[in-house]
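Trainee: Pasting a structure below so you can have a look.
Just so it is clear, none of the values below were taken in a lab; they were calculated from the coordinates. These numbers come from a predicted model, not from an experiment. Every residue, glycine as well, gets a Cβ built from its backbone with ideal geometry; the counts of neighbours run over all protein chains shown.
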Amino acid sequence: MKLNDVCYKFKDGRFLKTSYMGDGEYELILTKKITKDCLFSVDWSLSEILNCCDSVYDDKGEYIADTLDKSDFIIHNTEININ
């Protein structure tokens, strides 16, 4: 994790996650479990992330929607604590 990483939390509490599909295309997933794939560089804006996908899925791979609205997300700075 870099200091300039953020995560995006959807209005229902799930986090935005990307999965690289190849050829510069990403699949977007709304997930309850936060992983490294939920961390985004602040250089990659939420608008760009949402515009690069054709559809959105849940953790089980089930279709949710074609697109998501930027206003449905809250941006969170990330910090990792190890106990």
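Trainee: Rounded to the nearest 20 Debye, what is the dipole magnitude of the chain about its Cα centre when Lys and Arg each give +1 and Asp and Glu each give -1 at the C-beta? Provide the component values of the computation, followed by the final result.
Mentor: Values: 10 positive and 16 negative charges, 95 e Å.
Result for the chain is approximately 460 debye, rounded to the nearest 20.
Trainee: If one computes P(r) from the Cα atoms of the stretch 1-69, what percent of pairs lie at distances over 14 Å? Let's see the in-between values first.
Mentor: Working: 1340 of 2346 pairs.
The share of Cα pairs beyond 14 Å in the stretch 1-69 comes to 57 percent.
Trainee: Using Cα positions and a limit of under 18 Å, work out the lysines in reach of K11, with same-chain residues fewer than 8 apart set aside.
Mentor: Within the straight-line cut-off, K11 pairs with K32, K33, K70.
Trainee: Now for a different question. Could you work out the relative contact order of the stretch 1-78, using alpha carbon pairs under 8 angstrom and six or more residues apart, expressed as a whole percent?
Mentor: Numbers: 138 pairs, mean separation 28.6, N = 78.
Relative CO of the stretch 1-78 lands at 37 percent.
Trainee: Can I ask one more? I need the peptides 66-74, 5-13, 18-26 ranked by packing, meaning the mean over residues of other C-beta atoms within 10 angstrom, with the highest value on top.
Mentor: On the way: 66-74: 12.6, 5-13: 14.7, 18-26: 10.6.
Listed from highest to lowest mean packing, they are 5-13, 66-74, 18-26.
Trainee: Follow-up. How large is the helix-only mean residue ellipticity at 222 nm for the chain, computed as the sum of -39500 (n - 2.57) over DSSP H runs with n ≥ 4, divided by its residue count, in deg cm²/dmol to the nearest 500?
Mentor: Details: 1 runs with 6 residues, N = 83.
Dividing the helical sum by the residues of the chain leaves -1500 deg cm²/dmol.
Trainee: Would you mind computing, in nm to one decimal, how far apart the modelled labels at H76 and L46 are, each placed 7 Å from Cα along Cα→Cβ?
Mentor: It works out to 1.3 nm between the two label points.
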